[in-house]
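Worksheet: the structure to be examined is printed underneath.
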Amino acid sequence: MAKSSMSQEEIANEAIKHALKALRKRHLLEEGAHAPAFAALSRPIASQGSEWKEKAENLQLELQQCYKAQSRLSEQLVVEVAESRASKALAQEKEAAISDLQNELMELRNECSQLKMDLEEKIKSLEVVVSENKELRAQLEQMTIKAKNAEAENKMLIDRWMLEKMKDAERLNEANALYEDMVQRLKASGLETLARQQVDGIVRRSEEGAEFFSESTIPSACKYRLNAHEGGCASILFEYNSGKLITGGQDRSVKVWDTNTGALSSNLYGCLGSVLDLTITHDNRSVIAASSSNNLFVWDVNSGRVRHTLTGHTDKVCAVDVSKVSSRHVVSAAYDRTIKVWDLLKGYCTNTIIFHSNCNALCFSMDGQTIFSGHVDGNLRIWDIQAGKLLSEVAAHLLAVTSISLSRNSNVVLTSGRDNMHNLFDVRSLEVCGTLRATGNRVASNWSRSCISPDDNHVAAGSADGSIHIWSISKSDIVSTMKEHNSSVLCCSWSGLGKPLASADKNGVVCLWT
């Protein structure tokens, strides 16, 4: 590049020199050519004086133009020389930059080759790691299979052990029951036999409630107004042969009230969701709550502690009932389209019934082997809980069934629905034997509970306008309408002693009617 630039500079210098020589030569030639003219002009020829003078002036102008052209060429030559020098300096800078770039390129090539070598080493290491990972996965799969086999074997052994323990417990319970029966017989041997009345398959021996049990009174006035729960009260029920009322609400609490004084007796804590339904065993020892937390909670009433948390449902549990024959068996329904049968003694589920329509309410039959269930599709169904089979079904309502109650003589089952109808069915034939309705009586929710009086003569149901209607079953007419609530009434419950009647609304207010 330097040689080429030097040769261009030499060529430019030679061209300048050659141009100067040509200008000088032309100047000399012009001077030689004009010399005779100047000589002739100097001659005293009168006739040619003016003509020569004019030629001399023209030549003088032409000479001046030649000088001007020479000056312009000299200036142009100076500019070209300066440009040539600038081009030379720029070329030198470019050569230096090219040299630096070549050095940098060399360094990058060396770095690239080093990175390539490192990459090859990493690839080899990765291949080794991948192969080791495959081996570890294979070992893990083998260990997983062994662990599953061991877990299955362990589960089988635990099940066998639990079965043996349960058999031992059952034998012990049978022995205790036999012992208690013998003690009771010995105690009763010297006493006069009390009058007994067979109700719901249970022999009632309470002298305290005998005068109230024969006939239920029709309530007309609110005796107590209790602010029981925050956010609403969805379930209430009375203890058997007792004046105590149990309530469950949206505030996740279960409370026990003395209906004689309207005072709070105790609280049952531990529920993890809203209480949607309640039931109690016939010995009044255990309260079971259906919860929106997908679980059921079983409390010991005396200690107030949770005995069991029954898990297995995958959606909110909206209905629960306990067997009328044994306090051991419980059924529950949830919005996961299942009905589950539980053994409270064992503390786990013994059978699961799956159906396409969610169940809103259920109730045990008198024999303890079958249950009634009311569904969102409006049908009433009867199930064999041991076999899990559907025995019978009937279209009870046009809309969802919200409540099911069995009469104390077990001959009639009461259903309520979102179509604002309250139907009475003959248990044996599942035929409608009565339909109760009232202007303004509107069922408030999918879990609005109605009830039958203890003497099987009346039906009580709440309405969305806050009123409570009481019908005579024999006449199918309204005998009383009571208004005390300021919001929708969600549930009603009649004491087994005949009075009082309790009702609860969406604001958590519970009213006791006498």
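State all residues of the stretch 383-400 that are in contact with an Asp or Glu (Cβ under 8 Å, 6 or more places away or on another chain), open to solvent by less than 20 Å² (accessible area, probe 1.4 Å) and among the hydrophobic types (A, V, I, L, M, F, W, C); if no residue qualifies, say none.
The one that is in contact with an Asp or Glu (Cβ under 8 Å, 6 or more places away or on another chain), open to solvent by less than 20 Å² (accessible area, probe 1.4 Å) and among the hydrophobic types (A, V, I, L, M, F, W, C): ALA400.
Which pairs do you get when a residue that is more than 13 Å from HIS27 (Cβ to Cβ), found in the stretch 51-68, comes within reach of a residue that is among the hydrophobic types (A, V, I, L, M, F, W, C) and open to solvent by 100 Å² or more (accessible area, probe 1.4 Å), reach meaning Cβ atoms under 8 angstrom, with the pair 6+ apart or on two chains?
Pairs found: ALA56/PHE38.
Within the stretch 350-366, take every residue that is in contact (Cβ under 8 Å) with a residue 60 or more places away in the chain and of a type outside the set (Gly, Ala, Ser) and give me the one that is surrounded by the most Cβ atoms within 10 Å (Cβ to Cβ).
Of the stretch 350-366, the ones in contact (Cβ under 8 Å) with a residue 60 or more places away in the chain are 360-361, 365-366.
Then keep just the ones that are of a type outside the set (Gly, Ala, Ser); that gives 360, 366.
Numbers: ASN360: 27, MET366: 18.
Per the stated criteria, the residue is ASN360.
Against the condition in contact with a Lys or Arg (Cβ under 8 Å, 6 or more places away or on another chain) and within 30 Å of ASN284 (Cβ to Cβ), how does TRP471 come out, does it pass?
For TRP471, the condition - in contact with a Lys or Arg (Cβ under 8 Å, 6 or more places away or on another chain) and within 30 Å of ASN284 (Cβ to Cβ) - is not met.
Is it the case, given these coordinates, that ASP283 is assigned to a loop (DSSP other than H, G, I, E, B), over 29 Å from VAL443 (Cα atoms) and charged (D, E, K, R)?
Yes.
Which ones in the stretch 75-93 are in contact with a helix residue (DSSP H, G or I) (Cβ under 9 Å, 6 or more places away or on another chain), more than 15 Å from GLU10 (Cβ to Cβ) and acidic (Asp, Glu)?
Scanning the stretch 75-93 gives no hits.
Considering each residue of the stretch 346-395, count those that are closer than 17 Å to THR279 by Cα and outside any strand (DSSP E or B), and give that number.
Matching residues across the stretch 346-395 total 4.
Among (1) open to solvent by less than 10 Å² (accessible area, probe 1.4 Å); (2) modelled with pLDDT of 95 or more, which single condition is ASN379 missing?
Only one criterion is unmet by ASN379, namely (1).
Which of the residues spanning the stretch 480-514 are open to solvent by 30 Å² or more (accessible area, probe 1.4 Å) and in contact with a Lys or Arg (Cβ under 8 Å, 6 or more places away or on another chain)?
GLU484, THR514
Can you spot a residue in the stretch 393-405 that is closer than 23 Å to HIS282 by Cβ, modelled with pLDDT of 95 or more, in contact with a strand residue (DSSP E or B) (Cβ under 8 Å, 6 or more places away or on another chain) and not small (Gly, Ala, Ser)?
Yes: one or more hits.
What is the number of the single condition among (1) charged (D, E, K, R); (2) at pLDDT below 95; (3) more than 13 Å from CYS222 (Cα to Cα); (4) buried (at least 16 other Cβ atoms within 10 Å of the Cβ) that ASP477 does not meet?
The failed condition is (4).
So TRP342 fits all but one of (1) of a type outside the set (Ser, Thr, Tyr); (2) in contact with a strand residue (DSSP E or B) (Cβ under 9 Å, 6 or more places away or on another chain); (3) open to solvent by 10 Å² or more (accessible area, probe 1.4 Å); what number is the exception?
It fails just one condition, (3).
Please determine whether any residue of the stretch 333-345 is in contact (Cβ under 8 Å) with a residue 60 or more places away in the chain and in a strand (DSSP E or B).
Checked the stretch 333-345: no residue is in contact (Cβ under 8 Å) with a residue 60 or more places away in the chain and in a strand (DSSP E or B).
Quick one: in the stretch 302-339, of everything that is within 22 Å of MET162 (Cα to Cα) and open to solvent by less than 10 Å² (accessible area, probe 1.4 Å), which residue is farthest from the chain's Cα centre (by Cα)?
VAL330
This table checks each residue for (1) under 14 Å from VAL510 (Cα atoms); (2) outside any strand (DSSP E or B); (3) open to solvent by 20 Å² or more (accessible area, probe 1.4 Å).
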residue	(1), (2), (3)
GLU230	yes, yes, yes
ILE236	yes, no, no
ASN241	no, yes, yes
ASP251	no, yes, yes
LYS255	yes, no, yes
LEU264	yes, no, yes
ASN267	no, no, yes
GLY270	no, yes, yes
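The values are calculated or read from the model by the stated rules, or taken from the named source; none is laboratory data. The structure presented is a predicted model; accordingly, all values stated were derived computationally and were not measured. Cβ atoms come from the backbone with ideal geometry, glycine included; neighbour counts cover every protein chain shown. Please note that ligands, DNA and RNA were not included when accessible areas were found on the heavy atoms of the full protein model with its side chains. Shrake-Rupley method; radii C 1.70, N 1.55, O 1.52, S 1.80 Å.
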